[in-house]
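Colleague: Take a look at this one; I'll ask things after.
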Amino acid sequence: MRVVASLPSMNAPGAEVAPAWAPIGILGGMGPLATLDFMHKLLAATPARCDQEHLPLLVSSIPQIPDRTAAFLGQGASPLPALVDSARRLADAGAQLIVMPCNTAHLWFEPLQATLGLPMLHLVDAALKEAVRQTPAGAAIGLLATRATLASGLYVQRADASVRWLMPTPDELARWVMPGIQAIKAGDLARGASCLRQAAQALADRGAGSLVLGCTEIPLVLDAERAGLPVIDATAALARATVAWALAQRTTAPERANVPA
């Protein structure tokens with residue numbers, strides 16, 4: 001799915017001019033269902049009373065972007081050229097902010113942002129902010145994520161040094177976490193939920209006080225009730241951060257458009 005048409009004016013000549021929203025570009029497809037989940041959570045987080053008060057979105061959902069975990073492990077092509085190509089379509093269509101609802105893709109966040117020269121929000125930073133706020137003082141934070149996200153230290157390196165982490169063991173990662181994520185990508189949500197519940201329970205049993213869902217497939221099948229402990233949904237955290245950015249950027253246009261006499 002690629003929806004990248006430029007945005008038309010949203011006010012008719014002579015009409016009251018609504019405050020302008022900055023168009024948001026969603027660099028998605030990693031995976032497609034996770035992109036739709038992000039869009040749903042973005043809508044839910046927006047304080048809108050009618051269609052016109054929602055954020056204008058430009059979406060480039062390209063599932064053919066090379067696998068991020070395979071690339072990190074040296075087993076596949078880099079996704080960076082495809083990420084740049086997809087993001088440039090969004091920029092050319094008028095996006096003023098780019099967001100990526102994929103945790104592992106953020107391993108290429110810095111070179112992507114440097115190439116684009118546009119503002120971007122970092123999904124991991126949004127999730128960490130909520131995790132620190134929601135986790136009881138002194139409690140460990142569990143992390144469920146892809147092999148690449150865990151091995152790269154993507155969360156650990158961006159967190160405060162005082163944060164105490166609990167990660168899946170290599171056996172748990174191989175038996176439950178990666179099979180669960182792959183099952184969701186294949187459309188088998190029931191198997192994905194079964195695998196990931198077991199991984200969450202293992203972290204809870206070892207003392208996790210909360211659980212970061214650090215892959216955007218995971219919140220599709222796991223919540224606090226199913227996990228058995230409080231969860232931080234990284235997808236929802238990015239959605240809330242996106243809405244906060246848009247609200248801060250919103251400007252008030254003149255009360256009435258200039259219309260020739």
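Colleague: If the only charges are +1 at each Lys and Arg Cβ and -1 at each Asp and Glu Cβ, what is the size of the charge dipole of region 123-261 around the Cα centre, to the nearest 20 debye?
Modeller: 140
Colleague: Work out the P(r) tail for the chain: percent of alpha carbon pairs separated by more than 34 Å, whole number.
Modeller: 21
Colleague: Hey, another quick one. What does the charge add up to near Pro47, with Lys and Arg as +1, Asp and Glu as -1, over the other residues with Cβ less than 12 Å from its Cβ?
Modeller: +2
Colleague: Would you calculate, for the chain, the mean residue ellipticity at 222 nm contributed by helices, counting each DSSP H stretch of 4 or more residues as -39,500 (n - 2.57) and dividing by all residues, to the nearest 500?
Modeller: -12000 deg cm²/dmol
Colleague: Based on the inverse mean of 1/r over its pairs of different Cα atoms, what is the Kirkwood hydrodynamic radius of region 141-192, in Å?
Modeller: 11.9
Colleague: Let me ask something additional. Return the distance in nm (one decimal) between the two label points of a simple spin-label model at Arg191 and Asp160, each offset 7 Å from Cα along Cα→Cβ.
Modeller: Between Arg191 and Asp160, the label points sit 4.2 nm apart.
Colleague: For a quick check, take a GNM of the chain with Cα springs below 10 Å and name the residue from Ala77, Ala204, Ala227 with the largest mean-square fluctuation.
Modeller: Comparing Ala77, Ala204, Ala227 in the GNM, the peak value goes to Ala77.
Colleague: Same structure, new question: Heavy atoms of the protein only, probe of 1.4 Å, neighbouring chains included. What is the accessible area of Thr115 in Å², nearest 10?
Modeller: Answer for Thr115: close to 70 Å² accessible.
Colleague: First check a/c for region 111-152, with a ≥ b ≥ c the square roots of the eigenvalues of its C-alpha gyration tensor; if it is under 1.5, answer rounded, and if not, answer prolate when a/b is larger than b/c or oblate otherwise.
Modeller: In terms of gyration-tensor shape, oblate.
Colleague: What are the ³J(HN,Hα) couplings of region 121-136, residue after residue, when phi is run through the Karplus curve with 6.51, -1.76, 1.60 and θ = phi - 60°? Round to Hz, x for glycine and proline.
Modeller: Each residue of region 121-136 in turn: 9, 8, 4, 5, 4, 5, 5, 5, 4, 6, 5, 5, 6, 8, 8, x Hz.
Colleague: Continuing with the same structure: Percent of Cα-Cα pairs per 5 Å bin, from 0 to the last occupied bin, for region 28-96, please list those.
Modeller: Here the calculated profile for region 28-96 is 4, 15, 19, 19, 19, 12, 7, 3, 2, 0.
Colleague: Additional query: Kirkwood Rh over Cα pairs of region 77-133 into Stokes-Einstein at 25 °C, 0.890 mPa s: D in µm²/s?
Modeller: For the chosen part, D equals 205 µm²/s.
Colleague: Something else: Mind telling me which of Arg197, Arg88, Arg250 comes out most flexible in a GNM of the chain, alpha-carbon contacts under 10 Å?
Modeller: Arg250
Colleague: If you don't mind, another one. In whole Hz, with x marking every Gly and Pro, tabulate ³J(HN,Hα) for region 205-217 from phi via Karplus 6.51 cos²θ - 1.76 cosθ + 1.60, θ = phi - 60°.
Modeller: Taking θ as phi minus 60°, the curve returns 5, 8, x, 5, x, 7, 9, 7, 8, x, 9, 6, 6 Hz for region 205-217.
Colleague: Let me ask something else about it. Once the convex hull of the C-alpha atoms of region 156-230 is built, how many Å³ does it hold per residue, rounded to a whole number?
Modeller: Roughly 90 Å³ of hull volume per residue.
Colleague: Put +1 on the Cβ of each Lys and Arg and -1 on the Cβ of each Asp and Glu in the chain; which of Ala186, Leu238, Ile62 then has its Cα farthest toward the positive end of the dipole?
Modeller: Value: Ala186.
Colleague: Gain in length, Gln113 to Lys129, computed as 0.36 nm per residue apart minus the alpha-carbon separation, to one decimal in nm?
Modeller: Here the segment from Gln113 to Lys129 would lengthen by 3.7 nm.
Colleague: If I stretch the segment between Ala139 and His54 completely, what's the gain in nm (0.36 nm per residue apart, minus their alpha carbon distance), one decimal?
Modeller: That pair, Ala139 and His54, stretches by 26.9 nm at full extension.
Colleague: Mind pulling the per residue volume of the convex hull built on the Cα atoms of region 97-210? Å³ is fine.
Modeller: 116
Colleague: Taking θ = phi - 60°, what integer Hz values does the Karplus form 6.51 cos²θ - 1.76 cosθ + 1.60 yield along region 173-183, in sequence order, with x for Gly and Pro?
Modeller: 4, 6, 7, 10, 6, 5, x, x, 5, 5, 4
The values are calculated or read from the model by the stated rules, or taken from the named source; none is laboratory data. This is a predicted model, so every value here is computed, not measured. Ideal geometry is used to build each Cβ from the backbone, glycine not excepted, and the neighbour counts take in all protein chains shown. For accessibility, only protein heavy atoms count, side chains too; no ligands or nucleic acids. Shrake-Rupley method; radii C 1.70, N 1.55, O 1.52, S 1.80 Å.
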